[in-house]
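All of the numbers you see were taken from the coordinates with simple rules; none came from a lab. The shown structure was predicted, so the numbers you read here are calculated from the model rather than taken from an experiment. Don't worry about glycine lacking a Cβ; one is built from the backbone with ideal geometry, like all the others, and counts go over all protein chains shown.
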Amino acid sequence: MKTVALVALAVVALVPLPVMADDDALARFKGGIGVHPVSNVSGTANTDGSFPNVTRNVVRGVNPAGQLWVISDLRATVKVDGRIKVDGRGLLLAGGNGIGTNAGASVFATLLCQDGVVNTIVTFTSHSTNSNPGVPLAANGDFRIEDMLSPTPPNPCNNPVLLIRNTSTNAGQGWFAAGIPKLEDHD
């Protein structure tokens, strides 16, 4: 009987408990989407191929980078106390003369949480890691951010969006990539 009890205890100890393992996670992201600076064009094309009416791909008030960027993978966890860990792979230019390079860029992370709705307009609050100096992209576009968000995000963070942004104020600190929210009941 003691052997059965010990085996049962050992099996229970080896079974992962996801709620206990990450109970202080506010938001998690698995996968990433690279920026496309234009979300819409309309009108008759000009002779040079451009369009007269272009809508920029602004996400919750944050402007896009001026060029296409791709990201091969992104994993991020935001803790209730504001700690954030982001592991990004392959964040590189996807267009222009610098295609396939990191453009010498450095990045920081911004978590945007939905506050509410005021006069039918959805409002958001921005919580960012230190943008000065930020984290330089490796030659292959890899990066790791381990920092604190400021200000500390609310718990819960409703409708979270994670943006990886350019530290350069000359480039307007536009976003390069967005994290894909990870649902707790899916890997």
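A few points about this structure:
- Subset of the range 146-169 that is farther than 14 Å from ASP73 by Cβ and among the hydrophobic types (A, V, I, L, M, F, W, C) - its residue that is surrounded by the most Cβ atoms within 10 Å (Cβ to Cβ): LEU163
- Check on VAL78, over 16 Å from ALA171 (Cβ atoms), of a type outside the set (Lys, Arg), in contact (Cβ under 8 Å) with a residue 60 or more places away in the chain and assigned to a strand (DSSP E or B): yes
- Set GLY98, GLY116: member being closer than 26 Å to SER72 by Cβ and among the small types (Gly, Ala, Ser): GLY98
- The residue pairs whose first member lies in the range 120-135 and is without any contact (Cβ under 8 Å) to a residue 40 or more places away in the chain and hydrophobic (A, V, I, L, M, F, W, C), whose second member is surrounded by fewer than 19 Cβ atoms within 10 Å (Cβ to Cβ) and in a strand (DSSP E or B), and whose beta carbons are closer than 7 Å, counting only pairs six or more residues apart or on different chains, are VAL122/GLN114; VAL135/SER106; VAL135/ARG144; VAL135/ILE145.
Results for (1) assigned to a strand (DSSP E or B); (2) of a type in the set (Val, Ile, Thr), shown as yes or no for each residue.
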residue: GLN114; (1), (2): yes, no
residue: VAL117; (1), (2): yes, yes
residue: THR125; (1), (2): yes, yes
residue: SER131; (1), (2): no, no
residue: ALA138; (1), (2): no, no
residue: ILE145; (1), (2): yes, yes
residue: PRO156; (1), (2): no, no
residue: ALA171; (1), (2): no, no
residue: ALA177; (1), (2): yes, no
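- Unique match (being within 13 Å of ASN140 (Cβ to Cβ) and surrounded by fewer than 19 Cβ atoms within 10 Å (Cβ to Cβ)) among GLY82, GLY100: GLY100
- Filter result for the condition that a residue is more than 20 Å from ARG56 (Cα to Cα) and either surrounded by 22 or more Cβ atoms within 10 Å (Cβ to Cβ) or among the aliphatic types (A, V, I, L, M) (or both), over ALA138, ALA177: ALA138
- Restricting the range 41-75 to residues that are assigned to a strand (DSSP E or B) and touching a residue at least 24 places away in the same chain (Cβ under 8 Å), the residue that is surrounded by the most Cβ atoms within 10 Å (Cβ to Cβ) is TRP69.
- Taken over the range 43-88, residues that are in contact with a Phe, Trp or Tyr (Cβ under 7 Å, 6 or more places away or on another chain) and over 18 Å from ASN159 (Cα atoms) amount to 7.
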